[in-house]
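Undergrad: I'd like to ask some things about the structure below.
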Amino acid sequence: MKLSASLLVVACAIANAHYTFPKLIAGGVTTADWQYVRMTANHFDRSPVTDVNSVDIRCNLDPSLPATQTMPVAAGSQVGFTASPPIFHSGPLQFYMAKVPSGQTAASWDGSGEVWFKIYALGPTITPLSITFPALFMERVYVTIPKSLPSGDYLLRVEHIGLDSAMFPGAEFFVSCAQITVTGGGSGNPGPLVSFPGAYSPTDPGIKYNIWAPFPTSYNLPGPAVWSG
């Protein structure tokens, strides 16, 4: 009974350990909450997005979000987000970007359409006896803006997928979008391009995935291949 009670406590803690990505890190500076990151609908309760077919899977926007500033970022430089509190679920970490169409700005555009491309993915380490996701317990997550990315306004989307309860009731998605202006870019052609919603299905093997014993032998990251530039 003591063991069962302990496991129940751990399970409850995992179920309630939710987080947001409120701060952008650029040029070695950590900005204020929601200064350059669009305020998310879960900024109070930190609850995840659970429906991959909902528009919330894009940036999880609060409909009453305040004005968000846009940060200049050099192509080839490193940027990041803080996790608040630290990431407490096992699952992959991914970064996407989308170029703002001509005539709009990062502050005015909603990110709709087949415009998103993946620039980074951190999956698991798998052994015969374990599966480990390195993003677990991270307080800051980073990505390098591809050097050949064309200059201009972009949305930068961070995504962490919690797989602890992926088989039932389902995977949990923690996402934020920052507004940036890429400077000093190149002539790359990012792709493949996907839309949010649209990029994922709830039955994708990297989303409906059992991380518990018997330990899996492989993992397929959801979404398109990484564009490295």
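Undergrad: Restricting to region 150-177, name every residue that is within 19 Å of residue 41 (Cβ to Cβ) and in a loop (DSSP other than H, G, I, E, B).
TA: 171
Undergrad: To continue, here is another question. Cβ-Cβ under 9 Å, sequence separation 6+ or interchain: first residue in region 74-100 and farther than 22 Å from residue 115 by Cα and aliphatic (A, V, I, L, M), partner surrounded by fewer than 24 Cβ atoms within 10 Å (Cβ to Cβ) and modelled with pLDDT under 95. Which pairs?
TA: Listed by first residue and then by second, the contacts come to 87/17.
Residues are listed down the side, and each one gets a yes or a no for (1) hydrophobic (A, V, I, L, M, F, W, C); (2) surrounded by 15 or more Cβ atoms within 10 Å (Cβ to Cβ); (3) under 23 Å from residue 199 (Cα atoms); (4) more than 14 Å from the chain's Cα centre (by Cα):
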| position | (1), (2), (3), (4) |
| --- | --- |
| 45 | no, no, no, yes |
| 48 | no, yes, yes, no |
| 52 | yes, yes, yes, no |
| 58 | no, yes, yes, no |
| 64 | no, no, no, yes |
| 68 | no, yes, no, yes |
| 72 | no, no, no, yes |
| 76 | no, yes, no, yes |
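Undergrad: Where residues in region 30-42 are of a type in the set (A, V, I, L, M) and without any contact (Cβ under 8 Å) to a residue 60 or more places away in the chain, which of them is farthest from residue 20 (Cα to Cα)?
TA: Residues of region 30-42 of a type in the set (A, V, I, L, M): 32, 37, 39, 41.
Pick out the ones that are also without any contact (Cβ under 8 Å) to a residue 60 or more places away in the chain and you get 32, 39, 41.
Working: 32: 14, 39: 10, 41: 10 Å.
That would be 32.
Undergrad: Any chance region 179-193 includes a residue that's closer than 20 Å to residue 79 by Cα and without any contact (Cβ under 8 Å) to a residue 60 or more places away in the chain?
TA: Taking every residue of region 179-193 in turn, at least one turns out to be closer than 20 Å to residue 79 by Cα and without any contact (Cβ under 8 Å) to a residue 60 or more places away in the chain.
Undergrad: So which residues in region 123-139 are at pLDDT 95 or above and in a loop (DSSP other than H, G, I, E, B), if there are any at all?
TA: 123, 124, 133, 134, 135, 136, 137, 138, 139
Undergrad: Need pairs with beta-carbon distance below 6 Å; first residue part of a strand (DSSP E or B) and within region 200-229, second surrounded by 13 or more Cβ atoms within 10 Å (Cβ to Cβ); sequence gap 6+ or separate chains.
TA: 226/118; 226/121
Undergrad: Report yes if residue 9 is of a type in the set (Val, Ile, Thr) and modelled with pLDDT of 95 or more, otherwise no. I'd like the intermediate steps shown before the answer.
TA: Details: of a type in the set (Val, Ile, Thr): yes; modelled with pLDDT of 95 or more: no.
It is false that residue 9 is of a type in the set (Val, Ile, Thr) and modelled with pLDDT of 95 or more.
Undergrad: What do you reckon, is residue 196 within 21 Å of residue 113 (Cβ to Cβ), surrounded by 14 or more Cβ atoms within 10 Å (Cβ to Cβ) and of a type outside the set (A, V, I, L, M)? Can you show your working first?
TA: On the way: within 21 Å of residue 113 (Cβ to Cβ): yes; surrounded by 14 or more Cβ atoms within 10 Å (Cβ to Cβ): yes; of a type outside the set (A, V, I, L, M): yes.
So residue 196 fits the description; yes.
Undergrad: While we're on this one: Name every residue in region 186-225 that is over 19 Å from residue 171 (Cα atoms) and out of contact with any strand residue (DSSP E or B) (no Cβ under 8 Å at 6 or more places or on another chain), in order of residue number.
TA: Residues satisfying the conditions are 186, 187, 188, 189.
Undergrad: Residue 131 - would you say it is touching a residue at least 24 places away in the same chain (Cβ under 8 Å), out of contact with any strand residue (DSSP E or B) (no Cβ under 6 Å at 6 or more places or on another chain) and buried (at least 17 other Cβ atoms within 10 Å of the Cβ)?
TA: Working: touching a residue at least 24 places away in the same chain (Cβ under 8 Å): yes; out of contact with any strand residue (DSSP E or B) (no Cβ under 6 Å at 6 or more places or on another chain): yes; buried (at least 17 other Cβ atoms within 10 Å of the Cβ): yes.
Criteria met by residue 131.
Undergrad: For region 108-122, which residues satisfy the criterion of being assigned to a strand (DSSP E or B), more than 10 Å from residue 227 (Cβ to Cβ) and either under 12 Å from the mean Cα position of the chain (by Cα) or of a type in the set (S, T, N, Q) (or both)? Explain how you work it out, then say what you get.
TA: Filtering region 108-122 for residues assigned to a strand (DSSP E or B) gives 116-122.
Now narrow it down to the ones that are more than 10 Å from residue 227 (Cβ to Cβ): 116, 121-122.
Once the filter is applied, which keeps residues that are assigned to a strand (DSSP E or B), more than 10 Å from residue 227 (Cβ to Cβ) and either under 12 Å from the mean Cα position of the chain (by Cα) or of a type in the set (S, T, N, Q) (or both), region 108-122 yields 121, 122.
Undergrad: Count, please, the residues in region 43-65 that happen to be without any contact (Cβ under 8 Å) to a residue 40 or more places away in the chain and either touching a helix residue (DSSP H, G or I) at 6+ places or on another chain (Cβ under 6 Å) or polar (S, T, N, Q) (or both).
TA: Adding up the residues that qualify gives 2.
The values are calculated or read from the model by the stated rules, or taken from the named source; none is laboratory data. What you are looking at is a predicted structure, and each value in this text was computed from that prediction instead of being measured. Neighbour counts are summed over all protein chains in view; Cβ atoms, including those assigned to glycine, are modelled from backbone coordinates with ideal geometry.
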